[in-house]
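Q: Here it is, the structure, as structure tokens.
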Amino acid sequence: MADTGAKSRMQVLVVGSGGREHAITLKLVQSPKVDAVWCYPGNAGMAQAARIPKLDSSDANTLAEFAEGQGIDLTIVGPEGYLAEGIVDVFRSRGLCIVGPSQSAARIESSKVFAKGLMEKYGIPTAAYRVFSEYQEAKGYIEEMGAPIVIKADGLAAGKGVVVAEDVETALEAVRVTLSGQRVGEAGRRIVVEEFMEGQEVSILALYDGKTCVPLVPSQDHKAVGDGDQGPNTGGMGAYSPVPVVDEALQREICQSILLPTLEALHKEGVTYTGVLYAGLMLTKAGPKVVEFNCRFGDPETQALMPRLRTDLAEVLLAVGEGRLASLPPLEWDPRACVSVIAASQGYPGPHDTGFPIVGLDAVEKMDDVFVYHGATALRGDEIVTAGGRVLSISALGDDIQGARDRAYEAIAKLDFENMYYRKDIAWRALDQGKVD
Ligand code: AMP
Ligand code: GLY
């Protein structure tokens with residue numbers, strides 16, 4: 001303990017209410033260094049594993065007051081909204097330890113125009129693009145470039161800000177509804193029009209304390225709602241780790257050509273980034289290129305990473321918050337694979353009914369190497385009921401990806417709620433390389 005400087009009895013606050021935050025919470029609860037984990041706003045799973053404080057509001061000042069009064073040693077923020085609104089600045093101004101970027105640094109996610117400008121200025125590989133706020137100008141550019149082409153709202157849009165247009169007409173319609181505010185409100189008053197990139201996507205998350213960058217193992221999300229990656233994009237329908245196409249050489253390349261130059265670019269712009277930097281990458285024929293940056297842990301990537309992490313998460317995140325990452329030994333990972341499948345409410349990402357009791361949780365929780373992470377769940381009396389789109393993440397470890405996937409699907413088959421829906425093909429790319437390349 002003394003050698004790493006980590007406190008022996010910590011109280012930790014986890015901000016958020018999804019599967020990602022539940023996975024982080026369960027890892028923290030296991031830590032011998034942690035006395036108590038508090039979650040806000042939390043969900044039914046987090047209420048079982050940790051404590052939910054009674055607060056009047058979920059704004060940053062209220063949370064900071066709670067953290068101060070309760071003597072919280074470390075706060076971890078899941079959702080981007082809090083970061084974009086400056087929760088880290090509020091906590092730091094009170095001398096509280098928190099993992100995450102400042103509001104200014106969070107622009108890497110909260111403004112695509114900022115992120116693209118940074119990448120362009122510093123030569124970080126990404127799709128060619130232009131920024132528009134006038135329809136006619138965007139139209140001229142799209143007609144010149146042709147389709148497929150990608151239209152992105154500048155601001156945060158909860159996963160709804162991007163249209164990958166197969167033809168010019170669809171692209172122009174996306175521009176019209178986005179710029180007019182109809183699609184994602186004010187977040188779409190400026191847009192990025194971007195070259196379409198072809199390839200496999202991969203998520204590389206890294207911890208950064210302002211000096212030392214520690215990448216996590218690669219993972220892959222499944223954004224589309226339907227099997228075979230059909231249908232509208234969601235927050236993510238499942239994930240797995242490791243990703244066989246991302247070998248150690250490619251991980252090094254990503255670190256050297258994308259992660260480190262981005263952190264350095266931010267530094268040169270006078271922005272010190274800290275927390276989790278999530279690079280969403282396209283593995284193109286010309287090498288890895290940035291699709292987007294996020295300023296936080298991914299959901300559902302985190303649900304596929306936490307079961308593999310052997311190092312004490314509390315110790316690592318405290319070191320991020322205190323700028324001591326360099327003093328820690330390398331992260332240790334379970335060599336087994338993890339596959340995480342989301343059980344969602346039918347209809348998500350569109351309108352869907354909620355409030356249905358979830359059955360089978362006890363049976364699944366008894367299974368070895370299976371982890372049930374709650375997302376949109378709530379307690380109704382003694383019952384756990386559905387409360388939104390992405391209800392549960394079922395993660396399983398296995399000797400290889402096939403084994404992990406079989407186990408995850410064996411577990412999910414024991415669960416039921418009215419209108420339960422899940423993809424049947426999570427990790428298909430890893431199991432079907434021939435078709436992909
Ligand atoms: P983003 O929110 O920027 O990650 O975009 C959401 C999804 O749209 C990504 O995960 C990709 O599947 C797709 N996408 C975004 N940008 C591009 C691009 N330039 N080329 C191809 N697909 C893209
Ligand atoms: N998995 C996508 C995200 O966390 O934004």
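Where a number appears in this text, it was derived from the coordinates with a stated rule and is not lab data. What you see is a predicted model, and the numbers here were worked out from it, not measured in a lab. Cβ coordinates were reconstructed from backbone atoms using ideal geometry, including for glycine residues, and neighbour counts include every protein chain displayed.
Q: What are the GluC sites (Glu not before Pro) within region 84-186 that DSSP puts in a loop, where the Cβ has at most 13 other Cβ atoms within 10 Å?
A: Glu134, Glu166
Q: Next up: Hey, which lysines would be in cross-link range of Lys211, C-alpha to C-alpha under 20 Å, not counting anything within fewer than 8 residues on its own chain?
A: Those lysines meeting the cut-off are Lys268.
Q: What would the Debye equation give as log₁₀ I(q)/I(0) for region 294-349 at q = 0.19, 0.27, 0.31 Å⁻¹, counting only Cα atoms as equal point scatterers?
A: -0.82, -1.17, -1.23
Q: Rg (Å, one decimal) plus Dmax (Å, integer) for the alpha carbons of region 3-89?
A: Rg then Dmax for region 3-89, in Å: 12.4, 40.
Q: Here's something else I'd like to know. Give the percent of DSSP beta bridges with both residues in the chain that are antiparallel, rounded to the nearest 5. All intermediate terms of the calculation are to be shown ahead of the outcome.
A: Numbers: 63 of 78 bridges.
The antiparallel proportion sits near 80 percent.
Q: Quick one: net charge around Val113, please, counting Lys, Arg +1 and Asp, Glu -1 for every other residue with C-beta under 13 Å from its C-beta.
A: Values: positive: Arg107, Lys112, Lys116, Lys121, Arg130, Lys152, Arg189, Arg190; negative: Glu109, Glu120, Asp154, Glu194, Glu292.
Summing Lys/Arg as +1 and Asp/Glu as -1 gives +3.
Q: May I ask you to evaluate 6.51 cos²θ - 1.76 cosθ + 1.60, the Karplus curve with θ = phi - 60°, for each residue of region 147-156 and list the ³J(HN,Hα) values in order in whole Hz, giving x for glycine and proline?
A: Residue by residue, region 147-156 yields 10, x, 8, 10, 10, 10, 5, 5, x, 5 Hz.
Q: Then there is this: Nearest 20 debye, what's the magnitude of the dipole of region 319-382 about its Cα centre given +1 on Lys and Arg Cβ and -1 on Asp and Glu Cβ?
A: It works out to roughly 180 debye.
Q: Same structure again: Tell me, how many Å apart are the Cα centres for region 268-306 and for region 178-219?
A: Taking the Cα centre of region 178-219 as reference, the centre of region 268-306 is 7 Å away.
Q: Then there is this: Would you mind telling me which residue in Ala249, Ala36, Ala319 has the biggest mean-square fluctuation in a Gaussian network model of the chain, where springs connect alpha carbons within a distance under 10 angstrom?
A: Comparing Ala249, Ala36, Ala319 in a Gaussian network model of the chain, the most mobile one is Ala249.
Q: Ala158 to Lys211: extension gain in nm, 0.36 nm per residue of separation minus the Cα-Cα distance? Walk me through the numbers on the way to the answer.
A: Details: separation 53, 0.36 × 53 = 19.08 nm, distance 3.01 nm.
So the extension gain works out to 16.1 nm.
Q: Separation between the Val177 and Leu379 pseudo-spin-labels, each 7 Å from Cα along Cα→Cβ, expressed in nm?
A: 4.0 nm
Q: Whole percent per 5 Å bin, from 0 to the bin with the longest distance: what is P(r) over all C-alpha pairs of region 189-299?
A: 2, 11, 20, 23, 20, 14, 7, 2, 0
Q: If the elastic network links every pair of Cα atoms under 10 Å, which of Lys152, Lys424, Lys27 fluctuates the most in the Gaussian network model of the chain?
A: Lys424
Q: Excluding same-chain residues fewer than 8 positions from Lys424, which lysines have a Cα within less than 30 Å of its Cα?
A: Lys27, Lys152, Lys160, Lys223, Lys285, Lys289, Lys366, Lys414, Lys435
Q: Still on this structure, please answer the following. Can you list the trypsin sites (Lys or Arg not before Pro) in region 243-303 that are in a DSSP coil and have 15 or fewer other beta carbons within 10 angstrom?
A: Lys285
Q: If the viscosity is 0.692 mPa s and the temperature 37 °C, what translational diffusion coefficient in µm²/s does Stokes-Einstein give for the chain when Rh comes from Kirkwood over Cα pairs?
A: Translational D for this selection: 148 µm²/s.
Q: Another question about this same structure. Run lengths n ≥ 4 of DSSP H only: what is the helix-derived mean residue ellipticity at 222 nm for the chain, with -39500 (n - 2.57) per run over all residues, to the nearest 500? Let's see the in-between values first.
A: Working: 17 runs with 135 residues, N = 437.
About -8500 deg cm²/dmol.
Q: Sequence-distant or interchain residues sharing an amide H contact under 5 Å with Trp38, placed H: which?
A: Val12, Leu13, Val14, Arg51
Q: Still on this structure: List the residues of region 217-246 whose backbone N lies under 14 Å from a point placed 7 Å from the Cα of Asp334 along the Cα-to-Cβ direction.
A: Residues 240-242 fall inside that zone.
Q: DSSP loop (so not H, G, I, E, B), at most 13 other Cβ within 10 Å: list which GluC sites (Glu not before Pro) in region 279-356 pass both filters.
A: Listed in order of number, the matching sites are Glu332.
Q: Which of these, Val29, Val168, Val12, has the largest mean-square fluctuation under a Gaussian network model of the chain (Cα springs below 10 Å)?
A: Maximum fluctuation in the GNM of the chain, among the listed residues, is at Val168.
Q: In debye, nearest 20: dipole of region 28-117 around its Cα centre with unit charges on the Cβ of K, R (+) and D, E (-)?
A: Numbers: 8 positive and 10 negative charges, 54 e Å.
Its charge dipole is roughly 260 debye.
Q: So between Gln70 and Lys121, what do we pick up on full extension, going 0.36 nm a residue minus the alpha carbon distance? The partial results should precede the final answer.
A: Numbers: separation 51, 0.36 × 51 = 18.36 nm, distance 4.39 nm.
This chain segment gains 14.0 nm when fully extended.
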